[in-house]
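The structure appears below as structure tokens.
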Amino acid sequence: MESYRKLLEANQAWAAEKLRTSPDFFRGLAKEQKPEFLWIGCSDSRVPAEEVTGTQPGEIFTHRNIANLVNPTDLNLQGVVSFAVEFLKVKHIIVCGHYGCGGIKAALSKQRYGILDDWLRQIKDTFFRHEDEVRDAGGFDAQADKLVELNVHEQLRNLVKSKVIQQAWVEERRPTLHGWVYNLSDGRLKNLYKIEPGAHMHDIYQFDFGR
């Protein structure tokens, strides 16, 4: 059997099981989505948001890219954040990295990865700002894992600088921002950072909403 057919067969089995245990499951899901969470994670196939959080379809709005970056020039990402905050009214945004991240390790190397080089530059900038802390972590893998954590924090800072986030903070006191890291070795999430609505930021990044 061709491998992709296994996915289709698994889907049929999954849908049948859902209907068996909850006949109205898909009917309710088709009406609307009201997720409480936006998940910004890595594209790594080993870190599926719903799987590692034990949530069901409709509970988490997701965006994934290499090394879970919040790049202000990424229109895809910015569109997702805008839709999640302004229309879905999410209460929490989670930026989740993972130890052993290939994107982080690539950024630490001097190898060339074509179009990815520009994408990874933001991670290199984070390393540059925290070089001593990363170097002090130990060997290459330990340094990469420390940079994973620092990268998550940097992406939260990028969210704080966003007009969409700041406006929601001013008008509705949401969302709360969270920085997590997933451990591939034991399947557990590590809760590292939390930024409440209205958190302090440098004045240069603050927008004036006339209040």
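The values are calculated or read from the model by the stated rules, or taken from the named source; none is laboratory data. For clarity, every value in this text was computed on a predicted model and none was experimentally measured. Here the Cβ is made from the backbone with ideal geometry for all residues, glycine too, and neighbour counts use every protein chain on show.
Residues are listed down the side, and each one gets a yes or a no for (1) surrounded by 15 or more Cβ atoms within 10 Å (Cβ to Cβ); (2) of a type in the set (Lys, Arg); (3) assigned to a loop (DSSP other than H, G, I, E, B):
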residue	(1), (2), (3)
23	no, no, yes
26	no, no, no
29	no, no, no
33	no, no, yes
40	yes, no, no
47	yes, no, yes
52	yes, no, no
57	no, no, yes
64	yes, yes, no
Query raised in the report: Within the range 114-142, can you find the residues that are surrounded by fewer than 18 Cβ atoms within 10 Å (Cβ to Cβ) and within 19 Å of residue 74 (Cα to Cα)?
Result: 114, 115, 116, 117, 118, 121, 124, 125
Query raised in the report: residue 70: part of a helix (DSSP H, G or I), in contact (Cβ under 8 Å) with a residue 40 or more places away in the chain and farther than 24 Å from residue 27 by Cβ, yes or no?
Result: no
Requested in this report: Note down all Cβ pairs under 9 Å where the first residue falls in the range 188-199 and is without any contact (Cβ under 8 Å) to a residue 60 or more places away in the chain and over 12 Å from residue 95 (Cβ atoms), the second is of a type in the set (Asp, Glu) and buried (at least 16 other Cβ atoms within 10 Å of the Cβ), and they're at least six residues apart or on different chains.
Outcome: 190/149
Query - Residue check for residue 137: of a type in the set (Gly, Ala, Ser), modelled with pLDDT of 95 or more and assigned to a helix (DSSP H, G or I) - result: no
Query raised in the report: under 12 Å from residue 95 (Cβ atoms), of a type in the set (Phe, Trp, Tyr) and either in contact (Cβ under 8 Å) with a residue 24 or more places away in the chain or in contact with a strand residue (DSSP E or B) (Cβ under 6 Å, 6 or more places away or on another chain) (or both) - does that describe any residue in the range 177-186?
Result: yes
Requested in this report: Inspect the range 159-176 for any residue being among the β-branched types (Val, Ile, Thr) and outside the structural domain of residue 66 (by TED's automatic domain parsing) and give the result as yes or no.
Outcome: no
Requested in this report: Might you check whether a residue that is aromatic (Phe, Trp, Tyr) and closer than 30 Å to residue 115 by Cα occurs anywhere in the range 21-33?
Outcome: no
Query raised in the report: Regarding residue 145, is this residue acidic (Asp, Glu) and surrounded by fewer than 19 Cβ atoms within 10 Å (Cβ to Cβ)?
Result: no
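So that you can scan it fast, the table gives a plain yes or no per residue for (1) farther than 23 Å from residue 35 by Cβ; (2) without any contact (Cβ under 8 Å) to a residue 60 or more places away in the chain:
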| residue | (1), (2) |
| --- | --- |
| 63 | no, yes |
| 82 | no, no |
| 85 | no, no |
| 89 | no, no |
| 99 | yes, no |
| 120 | yes, yes |
Report summary line: Residues of the range 66-81 being more than 13 Å from the chain's Cα centre (by Cα) and surrounded by 15 or more Cβ atoms within 10 Å (Cβ to Cβ), in sequence order, are 74
**Report entry** Selection within the range 110-134 - of a type in the set (A, V, I, L, M, F, W, C) and assigned to a helix (DSSP H, G or I)
**Finding:** 116, 119, 120, 123, 127, 128, 134
